[in-house]
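Inspection log for the structure reproduced underneath, given as structure tokens.
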Amino acid sequence: MKSKLDTGSSIFTIMTELSNKHDAINLSQGFPGFNPDPRLLELVCKYIRSDNNQYAPMAGIPALQDCIAEKIKKFYGRTIDARQEVTICDGATEGLFSVIQAVVYPNDEVIVFDPAYDNYGPDIVLAGAITRHVPLIRTKERNDYHIDWQKLKDTINEKTKLIILNFPHNPTGAILRSEDLDTLADILRDTSIYIMSDEVYEHIVFDGKKHLSLASHDELWSRSFVISSFGKTFHATGWKVGYCAAPIELSKEMRQIHQWTCYSVVTPIQHGLAEFMHTYPDYIESLSSFYEAKRDYFCKLIEPSKFSYQVSAGSFYQLLDYSGISEEKDTSFAKKLTEEIGVASIPISVFYETPPFEQKLRFCFAKEDGILEQAAEKLCRL
Ligand SMILES: Cc1ncc(COP(=O)(O)O)c(C=O)c1O
């Protein structure tokens, strides 16, 4: 039978399988190597034991919706209607899928910025739409990966329905600056284009910088769907719980799809997360410094190696440049590194429509220090 989606396996599946086969240290897939806070585990168990095991309301349990609304007020200064503007999703993944299916129609165009997280493309194909790729750039004046505004303007046309942002960015670790949001608002002012902002790493931003959510910008908020993931924030990617925050009319559209996709999300985990967020509000605030220490440790361990890097500004990924070691393409170098050196990573060319010749691999540093030490020791042998 001809597949509806002709995408093959995701790079995460491929690299994880290769890593397992060669018993390598897996720094490829983006999941923490440690458990959620024991107090959170206790709370989830408490709700499982106390009869909270049937369907949750379609848009999420009120207590968790309230926590998200409070969090958005606290971090981004926006007051939102918890019942009507927050939808708890089956991971950020389902939120992304539901938003795209809700607003994108056949033959519409959706703009993504390359290197782009690999979930967006298949979702756009399933909506019958066309993906337009705008590569992020680095310039002399600004050497972080950022949006090429002229290219974005040139790509927008009357078919453009949605623009997908993802900052803190996977895989480069780039973050937004406030002038970026203002420039985007200027470009979109006279259009009816929606924005979907994938902010799953919103609470992992380093060096005293702040995450700039689309929820924080008055003008952009009215056209935005903001997606996040409890998995990344609470070291619980296997729970697959996330949320979508969007103005009422947009949330209504998104829920049209959400209700037929999964209807509702695992009840006791929603209760556990709500009580945890309510009882320990400082947890989220400590996450950036927790991961900043990991980033710094990993970079220090890599220092004696032949890899070079620019420190990640957010997320739990660090790009390492191997041009001082090999001329090879990143896909073959990543394979060799897994098979022969015993460390799995992600080649970033797979996130591009037209990959530039960049010799960079993505490493996930959300691992115990001992694992980072073992990986670095192997990488320093090269
Ligand atoms: C940019 C980005 N968006 C979405 C997701 C998926 O999040 P979830 O596990 O909550 O579905 C990931 C996971 O790696 C991600 O990196």
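The values are calculated or read from the model by the stated rules, or taken from the named source; none is laboratory data. Since the structure is predicted, the reported quantities are computational estimates derived from the model, not experimental observations. Cβ atoms come from the backbone with ideal geometry, glycine included; neighbour counts cover every protein chain shown.
Details
- For K159, the conditions (1) away from the ligand (no atom under 16 Å from the Cβ); (2) of a type in the set (D, E, K, R); (3) under 14 Å from the mean Cα position of the chain (by Cα) are fulfilled apart from (3).
- Selection of segment 158-193 for residues being surrounded by fewer than 15 Cβ atoms within 10 Å (Cβ to Cβ) and within 19 Å of Y120 (Cβ to Cβ) yields only K159.
- Checking each residue of segment 126-134 against the condition of being in contact with an Asp or Glu (Cβ under 9 Å, 6 or more places away or on another chain), within 25 Å of F316 (Cα to Cα) and without any contact (Cβ under 8 Å) to a residue 60 or more places away in the chain gives at least one match.
- Count - residues of segment 102-119 that are in contact with a Ser or Thr (Cβ under 9 Å, 6 or more places away or on another chain), surrounded by fewer than 22 Cβ atoms within 10 Å (Cβ to Cβ) and in contact (Cβ under 8 Å) with a residue 60 or more places away in the chain: 2
- Only one of the numbered conditions (1) over 19 Å from D148 (Cα atoms); (2) assigned to a helix (DSSP H, G or I); (3) out of contact with any helix residue (DSSP H, G or I) (no Cβ under 7 Å at 6 or more places or on another chain) is not met by E219, and that is (3).
- Residue match in segment 29-45 (condition: among the aromatic types (F, W, Y), under 18 Å from the mean Cα position of the chain (by Cα) and part of a loop (DSSP other than H, G, I, E, B)): yes
- Test: residue in segment 245-255 that is buried (at least 19 other Cβ atoms within 10 Å of the Cβ) and of a type in the set (V, I, T): no
- If you go through segment 20-34 and pick out every residue that is of a type outside the set (F, W, Y) and either within 16 Å of the ligand (Cβ to nearest atom) or without any contact (Cβ under 8 Å) to a residue 60 or more places away in the chain (or both), you end up with 9.
- Residues of segment 64-101 that are outside any helix (DSSP H, G or I) and within 14 Å of the ligand (Cβ to nearest atom): T87, I88, C89, D90.
- Output for segment 194-209, where each listed residue is surrounded by fewer than 17 Cβ atoms within 10 Å (Cβ to Cβ) and either touching a Ser or Thr at 6+ places or on another chain (Cβ under 6 Å) or free of Cβ contacts under 8 Å to residues at least 12 places away in the same chain (or both): G208
- Taken over segment 164-184, the criterion of being over 18 Å from V311 (Cα atoms) and more than 15 Å from the ligand (Cβ to nearest atom) is satisfied by S178, E179, D180, L181, D182, T183, L184.
- Qualifying positions in segment 102-118 - within 11 Å of the ligand (Cβ to nearest atom), at pLDDT 95 or above and out of contact with any helix residue (DSSP H, G or I) (no Cβ under 6 Å at 6 or more places or on another chain): Y117
Matching residues to (1) modelled with pLDDT of 95 or more; (2) surrounded by 24 or more Cβ atoms within 10 Å (Cβ to Cβ); (3) within 15 Å of F230 (Cα to Cα):
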site: I61; (1), (2), (3): yes, no, yes
site: Q65; (1), (2), (3): yes, yes, yes
site: K73; (1), (2), (3): yes, no, no
site: Y76; (1), (2), (3): yes, no, no
site: T87; (1), (2), (3): yes, yes, yes
site: T93; (1), (2), (3): yes, no, yes
site: I100; (1), (2), (3): yes, yes, no
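So that you can scan it fast, the table gives a plain yes or no per residue for (1) more than 16 Å from the ligand (Cβ to nearest atom); (2) farther than 26 Å from P57 by Cα; (3) not assigned by TED's automatic domain parsing to the domain that holds S315:
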{"residue": "H203", "(1), (2), (3)": "no, yes, yes"}
{"residue": "D207", "(1), (2), (3)": "yes, yes, yes"}
{"residue": "F230", "(1), (2), (3)": "no, no, yes"}
{"residue": "P247", "(1), (2), (3)": "yes, no, yes"}
{"residue": "K252", "(1), (2), (3)": "yes, no, yes"}
{"residue": "R255", "(1), (2), (3)": "yes, no, yes"}
{"residue": "W260", "(1), (2), (3)": "yes, no, yes"}
{"residue": "P268", "(1), (2), (3)": "yes, no, yes"}
{"residue": "E275", "(1), (2), (3)": "yes, no, yes"}
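- Residue match in segment 188-202 (condition: assigned to a helix (DSSP H, G or I), closer than 23 Å to S98 by Cβ and over 13 Å from the mean Cα position of the chain (by Cα)): yes
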